[in-house]
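Inspection log for the structure reproduced underneath, given as structure tokens.
Read the figures in this text as sums done on the coordinates, not as results from a lab. Because the structure is a prediction, the values reported are computed rather than measured. Positions of Cβ are backbone-derived with ideal geometry, glycine not excepted, and every protein chain shown enters the neighbour counts.
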Amino acid sequence: MTATTATLFSPELAARLDKLVTLYPVRRSALVPMLLYAQDELGYLTDAAISEIAQRIGITELDVRNVLSYYSMLRTAPVGKYHVQVCTNISCMLRGGQELFEHCKNKLGVGHKQTTPDGVFSLEEVECIGACCWAPAVQVNYDFHDNLTPEAMDAVLDQYRKQAGK
Ligand code: FES
């Protein structure tokens, strides 16, 4: 895909994707970063984004879908402005991760992979997010919050709600 070809991405992202495919010995190696950047811009990976990325790399849409279905951080449906991922894997579970997830469900009024009606928060129960030493841990978009208690979690959510102006 050349710079003059129609793209659904912003000019900045299109240029970034053009460059990414040149950085690896095999074009396909650029797939995951391309998907992440596209998701950051669009909020989730639309059919059109999947199609364009497949075209840019020179693989099939099925190849792209096979990869993106493997990674839980890649999504094909919209989420809230703040996507709250609560780890309930072993280290976090032993330090109250499950209770924290239940607390978030009650506080936000939504369940696993659901979004609040105002679109501010979505919630997801996830496997280890690599912050076991500071369990229980939660990731909100790209921010990590650790050593959480239900009270500390309330403060975290209130802070994001304030940022959202709600
Ligand atoms: S088990 Fe929760 S961050 Fe590793």
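Details
- Projected label distance in nm at GLU127 and ASP40, using a 7 Å step from Cα toward the beta-carbon: 2.5 nm
- Loop-resident sites, the range 113-142, for chymotrypsin sites (Phe, Trp or Tyr not before Pro), counting at most 12 other Cβ within 10 Å (DSSP): TYR142
- Environment charge at CYS133 (Cβ cut-off 11 Å; Lys +1, Arg +1, Asp -1, Glu -1): 0
- Antiparallel content of DSSP bridges confined to the range 82-163, in %, to 5: 55 percent
- Each Cα pair under 8 Å and six or more residues apart adds its separation to the average, and for the chain the resulting relative contact order is 17 percent.
- Residues with amide H under 5 Å from that of THR76, placed H, sequence gap 5 or more: LEU45
- Magnitude of the charge dipole, the range 82-163, Cβ model with Lys/Arg +1 and Asp/Glu -1, debye to 20: 100 debye
- With the biggest extent put first, the Cα atoms of the range 11-68 measure 27, 26, 14 Å across the principal axes.
- The calculated FRET efficiency for THR149 paired with TYR71, based on their beta-carbon distance and R0 = 30 Å, is about 0.50.
- By the Cβ rule of 4.7 Å, the chain holds the following cysteines without a possible disulfide partner: CYS104, CYS128, CYS132, CYS133.
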